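Working notes, beginning with the structure itself.
Values quoted throughout were computed directly from the atomic coordinates according to the rules given, and no laboratory measurement underlies them. Everything numeric in this text was worked out from a predicted model, so none of it was measured. Cβ sites come from the backbone with ideal geometry, for glycine too, and all protein chains shown count toward neighbours.
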Amino acid sequence: GSKLSARIIKFRDGLGGFHSTAQYEDIYGLDSAALAELYKYAKIESPIRKIKINEASAEQLLNQSYLKNKKSVSVIINYRTQHGNDLRKIRILDEETLRKLEPYLEF
């Protein structure tokens, strides 16, 4: 339906584009039937939009679908100001979040 389609598009746009069909599973509220339809019909054709992690504002980071937590964004901005861009050292970001973010980051 239109609400589900809007949610998929909002998630995609917040990501900066899909880089893998596996990301469909990260969209809130999709049941197995909707996922099956996405896998069957949706194609990934456009390049992803990267975030310049050392320059991005808090607002730009919060718009990224995998960074909706204001505390995490604040920690990223403070850490990069003090220590540079090695985000793997920030303990508040778990390995799964870092793995998901990696294709979208530009240093």
Seminar exercise, completed: In this structure, among Lys43/Lys68; Lys43/Lys89; Lys43/Lys70; Lys50/Lys70; Lys40/Lys70, pairs with alpha-carbon gaps over 30 Å are Lys43/Lys89; Lys43/Lys70; Lys40/Lys70
Problem set entry | Mean separation of Cα contacts under 8 Å (6+ apart) over length of the chain, as relative contact order % | 29 percent
Exercise. Do the sum for the chain: with -39,500 (n - 2.57) for every DSSP H run of n ≥ 4, divided by all residues, what is the mean residue ellipticity at 222 nm, to the nearest 500 deg cm²/dmol?
Worked result: -13500 deg cm²/dmol
Problem set entry | Where labels lie 7 Å past Cα in the beta-carbon direction, separation of His83 and Ser20 in nm | 2.6 nm
For this session: Please turn the phi angles of the range 77-90 into ³J(HN,Hα) values with the Karplus equation 6.51 cos²θ - 1.76 cosθ + 1.60 (θ = phi - 60°), one per residue in order, whole Hz, x for glycine and proline.
Result: 5, 5, 5, 5, 5, 8, 10, x, 10, 7, 5, 5, 7, 7
Exercise. Using a Förster distance of 30 Å, how high is the FRET efficiency between Glu102 and Ala33, based on the Cβ-Cβ distance and rounded to 0.05?
Worked result: 0.50
Problem set entry | Rough spin-label spacing in nm, given labels placed 7 Å along Cα→Cβ, for Lys71 and Asp94 | 1.3 nm
For this session: Taking the Cβ of Ser72 as the centre, find all other residues whose Cβ is under 12 Å away and add up their charges (Lys, Arg: +1; Asp, Glu: -1).
Result: +3
Exercise. For the pair Arg7 and Glu55, what calculated FRET efficiency results from E = 1/(1 + (r/R0)^6), where r is the Cβ-Cβ distance and R0 = 25 Å, to the nearest 0.05?
Worked result: 0.30
